[in-house]
Amino acid sequence: MVESIESWIALLLVGVMLSAALVALLSRSHLVAVVSVSVLSLGLTLLFVLLKAPDVAMTEGVVGAGLSSLILALALSRLGLLRSTKAGATDE
Amino acid sequence: MMEMVLYAGAVGLLVIGIAGLVLSHHLFRQVLALVIAEAGANLLLLLAGYRFGGEAPIWSEGSFPSVMVDPVPQAMVLTAIVIGVGIQALAIALLIRVRQQTGTLDREQAVIEMREALDQELGRFSTAPKPRSQYAPKGERPLYPVVEEGQDAR
Amino acid sequence: MIRFTTLWVLWMLLTGSLQWSELLTGTVIAALITGLSQRLVDSGSQSDLIFTPRSLLSLLRYLRVFALALIQANLDMARRVLSPSLPIDPAVVEVETTLQSTLGKLVLANSITLTPGTLTVDLQQNRLLVHWIDTAVLAGDQQGEAALQLATREIAAGFEQHLKGFLR
Amino acid sequence: MSREQRSLEWTPLLFSGGLAFLLFTLFIATMFGEPPMRAGAMIQQAGGVELGAANLVTAVVLGYRGLDTLGELAILFASATAVGLVLSTQNGESDKQASVFPDKIFLGEIFESASRLLMPLLLLLGFYIIIHGHLTPGGGFQGGVILAIALFLPALARSGEIPLNHATIRLVEGGAGTLFILIGLMALMQGESFLQPLLQPGEIGALFSAGSLPLLYLAVGLKVGAELAALLVHLSGESA
Amino acid sequence: MIGLLADLFLLLGGLFLFLGALGLIRMPDVYNRIQAGTKAVTLGTLALLLGVGLHQPTWWPKLLVLAILILVTNPVGSSTLARAFLRSGIEPWKKGGQDG
Amino acid sequence: MHAENLALLVALPLLTAFLLQPLSQKFAVGWLAPLTVLVTLLLTLQLGAGVMEQPISSVMGGFVVPMGINFYLDGLAWLFLIALQLSLLLLWPRGEQGQSVRVQVLMLLLTASSIGLLLSGDLFNLYVFYELLAVATFGLVAAGESRATAIISFRYLLLSGVGSVLALTGIALLYSHAGTLNLGHLAELVASGELVLPLSAFLLMLLGFGVKAELFAVNGWVPEVYATLSPRLSALLAGVVSKLALIVIVRLLVLLFPTPEASQVLLLLGVLGVLSGELAAWRAQDLRRMLAYSSMGQLGVIFIAFSLSVEAGLLVGIMLSLHHLLVKPGLFLLTEQRFQGWSMVLFILFALSLVGVPPLPGFWAKFALLTGLVSAGGWINSTALVVFLFATVVEASYLFRVVQHYHQERERHQERGRAAVSVVGQDNSGVWISTLFATGLLLTAWQIQPISDYLQQLAVQAGDRQQLSAIVVGVTEGRP
């Protein structure tokens, strides 16, 4: 029973991660792409917890979802990619 | 089932990442693709040491768990994650510089700019002192830039 | 000194043990961070807090008011979200505060954000910009000074009165 | 021109095909089921007794594979140095407009005063995670990242103003790395191996246990914090 | 008994988080969404922490620190977000307006 | 001096690198970095005294081998360590670029990682050193003067990033099969038949580590990077550093994947590398990119050599690598300034050896490859043979086109009654260093017999798996 619940959670997380990866590469807005990469990192963090790797999960959480997102966000603003969203691709 | 799902997830991330890296036309997206591929590789490495039904390798209540996951890949993933973020930061810094140098972040455009810059500059490193003549046809350059201004090489 | 004590207490909470080694390390690190942040952040937050027996009482009273408000806020939000007609009438209003210290203003702003129907948007000197979800109380056409007074009374005064007990 | 464009279209296709093939073989070769745990099992048996670390991952990161960690610190260091090199040789003209924090994107007084409040808290948390790395999940890397973010917060709040000057960051950078290597060399001087754990393992679970591992982790944490702070500062547009 | 109480709090936390998410969907503009989100997430998380604390009594000091961190960071984050939106010129939704 | 001092070779450059920036705020430290390399060179000489008879192994932290990481120094590693450190000392960046503390730091990190790459006996540790090498190189490329440094460095980073992701995947795959990453331990398991490793792990690691070794399919960075780096650094990367990655690959091949399939993959990629490299070099329109492309071709030849049977392959591969290690830096150094009489002589000398004109060492190396391919037989090897001969012709044609062009230019100048060159105020050190490489080349030609005997011995030792695992295990069992 417990095993199967874990399997379902894993399936869900993997699904979220793969779709986040696709969104990150296909969406037109760079901001959405960066957010998707953060979501991917977050999913990976949870998956690491599931895989009994608390240290790795913590690192991925702090580094991947935190620092890396910060770096990418800085890059967005520094590279002027926030404004270059093409017309029609509003994310509201 | 769980292991199939996990392996498929890791390999899927790898494929998406590398395919995105190869196919995307924007340099920033290429960085993101690299991050995704790295995530996939990390997951795969961690899975290499995962044992089903194992516990985390941490001392609790007086002993280590009798069945535990392999701590070695965990330590390696830890290392790999930090290495990844270092490289990512460097890539971003280079991108900032690319935008300053070439004024574009489009992949094809940047490559063309690069080739032009290289073609122009390499005369400097060659045997002749002056940059190549502006009259020389673009397609067939001499092996070295022309020696004197206004004088053709052949 | 206050910062040191706070950090030290927090360290104890984090470790949750009373071994002498933990205590020692905690002291060293709390001292280190106090020194570091004193140099880095030149805030005069020493004087932000008031220490009298009565201030402790008002802190407790504030916490009670705040907790009630937080729960009330959630019930209120639940009501609004769940009701089919979505009964909201939002506007942005200004609120005045008499608190002086940065810490005091921060706590006030946070309290406002977490309580029923309001969200602090900005803070400048002694004015807070608040997004108010149900401005029906304003009776529609009140403008300027009158609206400011009313909003201040409705939103901030309740907390301020308690906060003033232990913050400047 | 046209040749270049064609070659650009051509390589990706070739590459993707090769990659698909490679990953296909990979999936075929993937082992499902229990992986053998040759090195891991030995560590499982020896780790606790040998090193006295309650967290075996720490034992591996700092003990058995300490050299990897040293290499990793060096990579972060190389990365920070390279970023500094790349972003400090600016032409000047585009420097001003490139800053992330023009005055109008000032994040507000609320954020600023909160960042003042949070910075010491985060520093404390970072140190806590570093120092308890051998007991609980977490350690030098995680804590170091938190330290870096704590140091960067005021910069984010106050229009790119950096609380630490570069000399200090450099000092910590160099000092922490040196500390790590010196701890390693100390064992060598005594006729043991490089990076051999010093001191007594102590009692598993106590703060002062696992010999020199907490010290190593402290060095790692400081180093990571300093490198990442330097990276963030460079990336946010401060010229060195 | 205490276990049951803990489960109750966990459930309550989950409920609040769910309501917050619902609010995110139902509210008409970004400011109202932040309103709904902040309050529900803060209280929901606090309830979760309380539940966990009842389950694992030895953890409460750490949970207390967590609660403090959440109480500080959550509203500050919301305020900063809201401020950024207001600064970048996004008008709040009005009851009479037709803009959604 | 005990074997544990092997660790110093990596630790000392790292220590200096960490210390350099804080120190540079108070003192002038330009001399400190090269001095460190000199110290490690002396240390290497001392450590390597008896290495031909008995390779040494040292375990980091004193842990038993499959748990800990070990350093392993055999004749092959020793030879390349000496070559690496000599080249580093000769080619250390000077002048304006060398003034920058950051460049010095990156060079030191490059040193440490190269040494680690030669010594380390653990796969993941190799990966870490490889990444360190990569990051240091990116920094050095980006520090160049060209207008296009950033985009070139960025493209290099992306390619290298893909490579390291693939290598990491390969390592993960290998670990899931073997449960250990120590080369000695793995070699023992493979030799005893207890373990069969999947070929795809080799392919992935080949592509990963192949990026630095200029392997075909992942060598797109070569011409761009060598065109923007200063000639010295190009010389360093093309001459020595590419060989280090090559040695990693060879060790993988010999120790872990002694199957014909793995060799054939290497052969195939080598042939493709030769063809693409030499043809591109033939079409190149400036000297530096021509040399870069030809380097890709020559590395391809070396890959072909290593794909021969273990003993012969190692010998021929090492010969060709050493030859390339002497010739290519010499050639790159000549591009530092325009050709004069003396540098033209050097160029012709290097070109002759590269093409394989009899008394020069290049001939012997190529001849050994030829006989190896002929005796190996089979249609694949015959095809490789044909490609190899064709490449030699192409090589000769473009190298002598350069000579001819130079000659014409000089005559035209002399007709107009002017000196061909005026080199007032120019730094001639590049030519002098190049002369040193040429001297080495001539010395090799003179002493060809003893050297090839020595290399023979070296190859036998490097291919000896029993000895490796015996020594690695032998060291571990004496320890607690």
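The values are calculated or read from the model by the stated rules, or taken from the named source; none is laboratory data. All of these numbers come straight from a predicted model, not from anything done at the bench. Note: ideal-geometry Cβ built from the backbone for every residue, glycine included; neighbour counts use all protein chains shown. Protein only, heavy atoms only, side chains kept; ligands, DNA and RNA dropped before computing areas. Shrake-Rupley method; radii C 1.70, N 1.55, O 1.52, S 1.80 Å.
If a residue has to be over 24 Å from D:THR136 (Cβ atoms), in a helix (DSSP H, G or I) and more than 8 Å from chain B (Cβ to nearest Cβ) to count, how many in the stretch A:14-53 make the cut?
Of the residues in that region, 12 qualify.
Pull up the stretch E:67-92, narrow it to residues that are open to solvent by 80 Å² or more (accessible area, probe 1.4 Å) and assigned to a helix (DSSP H, G or I), then point me to the one that is nearest to D:LEU125 (Cα to Cα).
Only one residue tops the list, namely E:LEU81.
Can you list residue pairs whose Cβ atoms sit under 6 Å apart, with the first residue in the stretch F:437-459 being modelled with pLDDT under 80 and the second being surrounded by fewer than 14 Cβ atoms within 10 Å (Cβ to Cβ)? Count only pairs 6 or more apart in sequence or on different chains.
Qualifying pairs under 6 Å: F:ALA445/F:PRO359.
Test each condition in (1) more than 14 Å from chain B (Cβ to nearest Cβ); (2) open to solvent by less than 40 Å² (accessible area, probe 1.4 Å); (3) more than 12 Å from F:ASN219 (Cβ to Cβ) for F:PRO260 and report the one that comes out false.
Condition (2) is where F:PRO260 drops out.
Looking at (1) more than 17 Å from F:LYS212 (Cβ to Cβ); (2) open to solvent by 10 Å² or more (accessible area, probe 1.4 Å); (3) under 15 Å from the mean Cα position of the chain (by Cα), can you tell me which one F:VAL254 breaks?
(3)
Pull up the stretch E:15-53, narrow it to residues that are within 20 Å of E:ILE68 (Cα to Cα) and among the small types (Gly, Ala, Ser), then point me to the one that is nearest to the other protein chains (Cβ to nearest Cβ).
E:ALA40
Give the residue, chosen from A:SER29, A:SER38, that is in contact (Cβ under 8 Å) with a residue 12 or more places away in the chain, in contact with an Asp or Glu (Cβ under 8 Å, 6 or more places away or on another chain) and polar (S, T, N, Q).
Every option except A:SER29 fails the conditions.
If you go through the stretch C:89-103, how many residues are assigned to a strand (DSSP E or B) and within 12 Å of another protein chain (Cβ to nearest Cβ)?
So the count comes out to 4.
Every residue in the stretch F:181-235 that is acidic (Asp, Glu) and either touching a Lys or Arg at 6+ places or on another chain (Cβ under 6 Å) or modelled with pLDDT under 80 (or both), please. Break it down into steps so the answer makes sense when it comes.
At the first step, the residues of the stretch F:181-235 found to be acidic (Asp, Glu) are F:188, F:194, F:214, F:224.
The answer is F:GLU194, and nothing else.
Checking F:LEU159 against (1) out of contact with any His (no Cβ under 8 Å at 6 or more places or on another chain); (2) open to solvent by less than 10 Å² (accessible area, probe 1.4 Å); (3) of a type outside the set (Val, Ile, Thr); (4) not in a loop (DSSP other than H, G, I, E, B), which single condition isn't satisfied?
Evaluating F:LEU159 over (1) out of contact with any His (no Cβ under 8 Å at 6 or more places or on another chain); (2) open to solvent by less than 10 Å² (accessible area, probe 1.4 Å); (3) of a type outside the set (Val, Ile, Thr); (4) not in a loop (DSSP other than H, G, I, E, B) leaves (2) as the failure.
Could you list, in sequence order, the residues of the stretch D:47-61 that are more than 7 Å from every other protein chain (Cβ to nearest Cβ), at pLDDT below 75 and open to solvent by less than 30 Å² (accessible area, probe 1.4 Å)?
Residues satisfying the conditions are D:GLY47, D:LEU51, D:GLY52, D:ALA53.
Please state which of the following conditions F:SER200 fails to meet, knowing it meets all the rest: (1) in a helix (DSSP H, G or I); (2) under 24 Å from F:ILE69 (Cα atoms); (3) free of Cβ contacts under 8 Å to residues at least 60 places away in the same chain.
(2)
Kindly list, by first and then second residue, each pair from a residue in the stretch F:394-418 that is within 30 Å of F:SER276 (Cα to Cα) to a residue that is at pLDDT below 80 and outside any helix (DSSP H, G or I), limited to pairs with Cβ atoms under 6 Å and residues at least 6 apart or on different chains.
Close Cβ pairs satisfying both conditions: F:HIS405/B:LEU143; F:TYR406/F:PHE339.
In the stretch F:1-119, which helices (runs of 4 or more DSSP H) lie fully inside it and hold 3 or more residues that are within 11 Å of another protein chain (Cβ to nearest Cβ) and crowded, with 22+ Cβ neighbours inside 10 Å?
F:6-24, F:101-119
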